[in-house]
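Chemist: The structure that follows is given in the form of structure tokens.
The values are calculated or read from the model by the stated rules, or taken from the named source; none is laboratory data. Remember, predicted model here, so these are calculated numbers, not experimental data. Cβ sites come from the backbone with ideal geometry, for glycine too, and all protein chains shown count toward neighbours.
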Amino acid sequence: MAVINHEAELARAGAHVNSTWGQMAFLARRYPLGAVGFIIVFLFVFTASFANFIAPVDPTSTNAKYSLAPPSSMFWLGADFMGRDMYSRIVHGARISLAVGAGAMGLGALIGITVGLASGYLWGWFDLLVQRLLDIM
């Protein structure tokens, strides 16, 4: 007959975690890919939020003298054909990417919630039409 160690099973399930940091560490050990994804998204949002402090050069200023400059201490990823710093342009571009992603998510949620509520409330032919259109998609 097998003997079950209940304390070990509870610890493995995370039942004895009391602090917020302990819960985060438990989830990171339990779901390592989720933890890595969280870190990547956090770094992306942090970079976009503090782009003015992180990027050393104005991303829109041009200088023909530095056209196609290789990576150096002045231009960490080099410069483009107009002498603009590529690193600064990437860091400031993260803001635009986040805004587009948030806008697309908000618009999709608004349309999805509206159509879903209407389909659930109206039933009948409207519900069938919505189901068939979503099947086609």
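Chemist: Confirm whether Ala48 is in contact with a helix residue (DSSP H, G or I) (Cβ under 8 Å, 6 or more places away or on another chain) and part of a helix (DSSP H, G or I).
Modeler: yes
Chemist: Would you pick out the residues in the stretch 1-14 that are part of a helix (DSSP H, G or I) and surrounded by 13 or more Cβ atoms within 10 Å (Cβ to Cβ)?
Modeler: Matches in the stretch 1-14: Ala11 only.
Chemist: What pairs can you find where one residue is in the stretch 3-14 and closer than 19 Å to Tyr31 by Cα, the other is assigned to a loop (DSSP other than H, G, I, E, B) and of a type outside the set (Asp, Glu), and their Cβ atoms are less than 8 Å apart, with a gap of 6+ or different chains?
Modeler: Hits for this filter: Leu10/His16.
Chemist: Can you pull out the residues in the stretch 75-103 that are within 23 Å of Leu43 (Cα to Cα) and either in contact (Cβ under 8 Å) with a residue 60 or more places away in the chain or part of a loop (DSSP other than H, G, I, E, B) (or both)?
Modeler: Listed by number, the residues that qualify are Phe75, Trp76, Leu77, Gly78.
Chemist: Taking Ile111, is it loosely packed, with under 11 Cβ neighbours inside 10 Å and assigned to a helix (DSSP H, G or I)? Can you show your working first?
Modeler: Working: loosely packed, with under 11 Cβ neighbours inside 10 Å: yes; assigned to a helix (DSSP H, G or I): yes.
So Ile111 fits the description; yes.
Chemist: Do you know which of the residues in the stretch 46-74 that are surrounded by fewer than 12 Cβ atoms within 10 Å (Cβ to Cβ), without any contact (Cβ under 8 Å) to a residue 12 or more places away in the chain and of a type in the set (S, T, N, Q) is nearest to Ile96 (Cα to Cα)?
Modeler: Per the criteria, the residue is Asn52.
Chemist: Residue under question is Phe38, and the condition is that it be assigned to a helix (DSSP H, G or I), surrounded by 12 or more Cβ atoms within 10 Å (Cβ to Cβ) and at pLDDT 95 or above; does it hold?
Modeler: Yes.
Chemist: I need the full set of residues from the stretch 24-35 which are loosely packed, with under 14 Cβ neighbours inside 10 Å and at pLDDT 95 or above, in order please.
Modeler: Across the stretch 24-35, the qualifying residues are Pro32, Leu33, Gly34.
Chemist: Of the conditions (1) surrounded by 12 or more Cβ atoms within 10 Å (Cβ to Cβ); (2) within 22 Å of Leu98 (Cα to Cα); (3) without any contact (Cβ under 8 Å) to a residue 12 or more places away in the chain, Val17 fails just one. Which one is it?
Modeler: With respect to (1) surrounded by 12 or more Cβ atoms within 10 Å (Cβ to Cβ); (2) within 22 Å of Leu98 (Cα to Cα); (3) without any contact (Cβ under 8 Å) to a residue 12 or more places away in the chain, Val17 is out only on (2).
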